[in-house]
Amino acid sequence: MAQLICRDLTLGYDGRPLVQGLNFQVNAGDFLCIIGENGSGKSTLMRTLLRLQAPVSGAIEWGDGLHPDEIGYLPQQTPIQRDFPASVWEIILSGCQSRCGLRPFYTKEEKALALENAEKMDITPLLRRCYRELSGGQQQRVLLARALCATRKLLLLDEPVSGLDMKVTAEMYQLIRRLHRGGTTVIMISHDVAAVRYADHILHMGDTVFFGTRDAYLKSDAGKLLTGGEGGAAL
């Protein structure tokens, strides 16, 4: 069942188009990796899906009972955000805010959900630690646990391994893969070529726009350019 359909989507700022005629569909349980050159509109698409800005034209349709405010989001971090002076527990629990409405407190069920997601990310020993004291990999686990508190259906991940070393990058990809195999739909923006191997669908944005399965992408001109003409052998 389709959770997200984008029809003839044009993205841009102040009415000026950056990307035109974007068409793709994400079904429940898919893993979509969005790749492309800098300035190709990947982050603009993410902001549009999050309703932080409106599309210039076209339509975004939500299905499978999914509402736009039920999306888990892991953003790129700025240096200021990495230095945020809150506890790990406070940050994870804040992912439940969309469930609270006007209620100024968290329920027992919401606290249990936050603890469950901390356990999924193997960070329960860090709950009382200050977020700013953690390593980059630990911070990403905290933010992923927070995103899971917002939804069990769909995760939007914006460069989740940016700035991480090789070992921590591999660990993060394994966590994301485990969530996907558990039934969570994943949409991930990445500059990392290796990210393609974890996805089942690819949206390539740039001078050439491609949407389709990973295997079809690796056989396409855009995919061969990405892999140095190896058609996926490099992955």
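The values are calculated or read from the model by the stated rules, or taken from the named source; none is laboratory data. The structure presented is a predicted model; accordingly, all values stated were derived computationally and were not measured. Note that we place each Cβ from the backbone using ideal geometry, even for glycine, and neighbour counts take in every protein chain shown.
Brief remarks follow.
- In region 13-53, the residues that are in contact with a helix residue (DSSP H, G or I) (Cβ under 7 Å, 6 or more places away or on another chain) and without any contact (Cβ under 8 Å) to a residue 60 or more places away in the chain: Leu18, Arg51, Gln53
- Filter result for the condition that a residue is of a type outside the set (S, T, N, Q) and in contact with a Leu (Cβ under 6 Å, 6 or more places away or on another chain), over Gly95, Gly65, Gly41, Gly36: Gly41
- Scanning region 66-85 for residues that are outside any helix (DSSP H, G or I), surrounded by 13 or more Cβ atoms within 10 Å (Cβ to Cβ) and either of a type outside the set (S, T, N, Q) or modelled with pLDDT of 80 or more (or both) returns Leu66, Ile71, Gly72, Tyr73, Leu74, Pro75, Gln76, Phe84.
- Entry remark, region 42-65: residues being at pLDDT below 90 and on the phi > 0 side of the Ramachandran plot number 3 in total.
- Selection status of Asp8, acidic (Asp, Glu) and in a loop (DSSP other than H, G, I, E, B): no
- Residue in region 106-113 that is in contact with a Cys (Cβ under 9 Å, 6 or more places away or on another chain), of a type in the set (S, T, N, Q), at pLDDT below 95 and under 23 Å from Glu70 (Cβ atoms) present: yes
- The residue of region 151-204 that is modelled with the highest pLDDT, among those that are acidic (Asp, Glu) and over 17 Å from Arg141 (Cα atoms), is Asp200.
- Pairs, first in contact (Cβ under 8 Å) with a residue 24 or more places away in the chain in region 204-227, second assigned to a strand (DSSP E or B) and surrounded by fewer than 15 Cβ atoms within 10 Å (Cβ to Cβ), C-beta under 8 Å, six or more apart: Val209/Gly21; Phe211/Asn23
- Residue count, region 184-222 (criterion: under 22 Å from Leu144 (Cα atoms) and either among the hydrophobic types (A, V, I, L, M, F, W, C) or not assigned by TED's automatic domain parsing to the domain that holds Ile5 (or both)): 10
- Residue check for Pro55: part of a loop (DSSP other than H, G, I, E, B) and outside the structural domain of Ser135 (by TED's automatic domain parsing): yes
- Annotation note: of Val186, Val142, Val196, Val161, the sole residue that is without any contact (Cβ under 8 Å) to a residue 40 or more places away in the chain and either buried (at least 20 other Cβ atoms within 10 Å of the Cβ) or part of a helix (DSSP H, G or I) (or both) is Val161.
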